[in-house]
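Below: the structure, in structure tokens.
None of the figures in this text is laboratory data; all of them are computed from the coordinates on show. Note that this is a predicted model, so its numbers are computed, not measured. Here the Cβ is made from the backbone with ideal geometry for all residues, glycine too, and neighbour counts use every protein chain on show.
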Amino acid sequence: MKKKSLSGKYRLAAVRKPSASAGKKKVKKKVKRVVLPTGYRPSDKEPFMSSRMREYFRQKLLKWREELVRESEETLMSLQEGGIVEPDIADRASIETDRSLELRTRDRARKLIAKIDEALERVEKGTYGYCEETGEPIAISRLEARPIATLSIEAQERHERMERTHRDD
């Protein structure tokens, strides 16, 4: 198969073999985004995880993720600026300690970004806001404070008690 380019010359176009799934159509779910009113805050008076509430938490998670990625990029740029050129050994040690602390903070941020991504997947699936252990709704106040929460307060407390019990053994 030949295709004519803009200059008038011919070139060969790649011919793709049909894949095994070529006959199957992938149905992409159309996600309708909700426009939130200015100053919207979820309340207990509206249905739990309504489309508005889901959109609110989706935007909150995306904003948090964006902020963490931006901070990580800034850290990376500052680390690439160059080596330590302080002549005083105490100053060099202080700078090294600061860098080490910054890298640990960025590693925690990396893990947090992964949890945010998981929460965003739950928003898309419609399982966000429900306790993974009991299936009960997680309190809105808890989701406001910790949008990546996967357990209700009661389930989290049980989980922490179990950890303490097993740690003491």
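Pull out a ≥ b ≥ c, the square roots of the eigenvalues of the alpha-carbon gyration tensor of the range 89-131, then state rounded if a/c is under 1.5, prolate if not and a/b is larger than b/c, and oblate in the remaining case.
On the way: a/c = 9.23, a/b = 5.64, b/c = 1.64.
Note, shape of the range 89-131 comes out prolate.
I'd like the distance between the alpha-carbon centres of the range 98-143 and the range 42-91, rounded to an integer number of Å.
12
Just add up the charged neighbours of Gln59: K/R +1, D/E -1, any other residue whose Cβ is under 14 Å from the Cβ of Gln59.
+3
Find out how many positive minus negative residues lie around Ser94, taking Lys and Arg as positive, Asp and Glu as negative, among other residues whose Cβ is under 15 Å from that of Ser94. Could you put the intermediate results ahead of the total?
Details: positive: Arg92, Arg99; negative: Glu86, Asp88, Asp91, Glu96, Asp98, Glu102.
Charge balance in the 15 Å sphere: -4.
Restricting the calculation to Cα positions, tell me the Rg (one decimal) and the Dmax (whole number) of the range 54-133 in Å.
In order Rg, Dmax, the Cα atoms of the range 54-133 give 17.9, 57 Å.
Cβ under 15 Å from Pro137's Cβ, Pro137 left aside: what net charge do those residues give with Lys, Arg +1 and Asp, Glu -1?
-2
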